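Reviewing the structure listed below.
Where a number appears in this text, it was derived from the coordinates with a stated rule and is not lab data. All values reported here derive from a predicted model rather than from experimental measurement. Please note: Cβ atoms are built from the backbone with ideal geometry, for glycine as well, and neighbour counts cover all protein chains shown.
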Amino acid sequence: MNRFLVAAAVLLPALALADVDSRFAKLRDESEPLGGLGAFLEKYVGECEGALVDPQCKSQAEAFRKKYQGKRLYMIVTEDDASMLSPGAFNPGTNEYLINITPFFGAGKYALTHGAPKKTDAQGNPVLPLLSVSGTAPQMWNGGTFSRMFSMRGVRAQVVFSPQGVWVLPKKGGGKVYGVNARIESILVTEGRTGEQFGLWLNGKDAQLRR
């Protein structure tokens, strides 16, 4: 699922902007900033197979998982990496819209997902249910303006999650696919340039904030 790769989920305090929904801000401020998703996933999964693997690999992975099990973490997925966000329906009469979120945050050979996928699709990608958030666009917007925000990579996500364990699925062509099963507590979708809020997913549902 290369299109879902998150090359770096880096904490960028200046770009996170303090003026966000207070419910999200509270969760964010109670969380530990994640410096890099790829390094975190690699250590958490701790894939310890092959002749050249460090003998301490399994014990190190177990210790790392124990350290972060259930701990609340926070990451920013920048505009270039936010391909898990896509435009949904846009109502030209009311300017109300939906944003779809595929809860798959990949980095390197692993991924963080909301829950554990049970199967893969025909291409061998883990199958996950879509999440969605809604909002109301400014008066001067139309459906094309809304869609271009995504095609021009103008949207980012801030995510609060807690890891729950490791999932494993058979890999197409042989082998296995590993990932981290997380409980995603909140996803804040914003315009990357201004930080303006586009949608908020909170406590398992669309928070449906109006602008």
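Among the listed pairs Lys71/Lys171; Lys26/Lys71; Lys26/Lys66; Lys43/Lys71; Lys66/Lys171, which are separated by more than 22 Å between their Cα atoms? Going by Cα-Cα distance, Lys71/Lys171; Lys26/Lys66; Lys66/Lys171 fall outside the 22 Å limit. With the simple model of a label 7 Å out from the Cα in the direction of the Cβ, Arg193 to Arg72 spans 3.3 nm.
Applying 1/(1 + (r/R0)^6) with R0 = 35 Å to the Cβ-Cβ distance of Lys172 and Ser22 gives a FRET efficiency near 0.20.
Per-residue extension of 0.36 nm, minus the Cα-Cα distance of Ser151 and Asp80, leaves a gain of 24.5 nm for this segment. Take every pair of alpha-carbon atoms less than 8 Å apart whose residues are at least six positions apart; their mean separation over the length of the stretch 47-204 yields a relative contact order of 25 percent. Each Lys and Arg Cβ is given +1 and each Asp and Glu Cβ -1; about its Cα centre, the stretch 133-211 then shows a dipole of about 300 debye. Using just its DSSP H runs of length 4 or more, each adding -39500 (n - 2.57), the chain gives a mean residue ellipticity at 222 nm of -5500 deg cm²/dmol after division by all residues. Can you tell me which of Asp29, Asp21, Asp121 moves the most in a GNM of the chain? Springs connect C-alpha atoms under 10 Å apart. Answer for the Gaussian network model of the chain: Asp121. Fully extending the segment from Ser59 to Asn91 would add 6.2 nm, taking 0.36 nm per residue of separation and subtracting the current Cα-Cα distance.
In a reduced charge model with +1 at each Lys and Arg Cβ and -1 at each Asp and Glu Cβ, the stretch 61-197 shows a dipole moment near 760 debye about its Cα centre.
Tell me, Kirkwood radius of the chain from alpha-carbon pair distances, in Å? Mind showing how you got there, number by number?
On the way: mean 1/r = 0.0558 Å⁻¹.
The answer is 17.9 Å.
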